[in-house]
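Before any comments, here is the structure.
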Amino acid sequence: MKLKLTWAIGIIVITNLLTFAVVKLYFPTNINNTQYLLKMSGQGEKWKITNYQLAWLGVGEHGTAGSHNVAFLGEANELTGRVKVEVYDFFENGERPSATSSFDAEMFKDGPIKAGGGGFYPDKNLGIKDIERKTFMVVYWTTTDGQQHQETIQMKLDYDPQIISDI
């Protein structure tokens, strides 16, 4: 009986070690693969930003960030002048925007606006949670009553980090 219990405990320990090794190998906590694509979105009280994409192409030092959709959640005829979207993220430690887009307010009458795209991308060794935590956008706009507004939108991953970390 004692021998069977020892074997059972030994098998449990070995299977746990093998499971741990497989998880560490196939679900790393840092992005250190040759290619990946992250998609993020966020929503505030008046603005929604979707399909913000970060891609590491794995060839030399080439990657891209941006290409996001910006939608006003209120009545588009409340907007006047220009709408500016600033992207803050891992680039330059988030101290200044890594990208800025500006649109005529009239463009939002037709629905969401596609914006962005560029040559910024995260460090290959930066953790996914770090990228998510450091990525937010600030939207500036003016309403027809002449008031200027600002809204900060924290971006969130559109997928489970364990799934995307192995792409």
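The values are calculated or read from the model by the stated rules, or taken from the named source; none is laboratory data. Quick caveat, the model's predicted, so the values are computed rather than measured. All Cβ positions, even for glycine, are placed from backbone atoms using ideal geometry, and neighbour counts span all protein chains on display.
Here is how the numbers come out for the structure above:
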{"item": "Residue in the range 78-97 that is under 20 Å from Asp158 (Cβ atoms), among the basic types (Lys, Arg), at pLDDT 75 or above and surrounded by fewer than 16 Cβ atoms within 10 Å (Cβ to Cβ) present", "result": "no"}
{"item": "Of all residues in the range 116-135 being buried (at least 20 other Cβ atoms within 10 Å of the Cβ) and over 14 Å from Lys84 (Cα atoms), the one that is modelled with the lowest pLDDT", "result": "Tyr121"}
{"item": "Residue that is nearest to Ile131 (Cα to Cα), among those in the range 17-64 that are modelled with pLDDT under 80 and charged (D, E, K, R)", "result": "Glu61"}
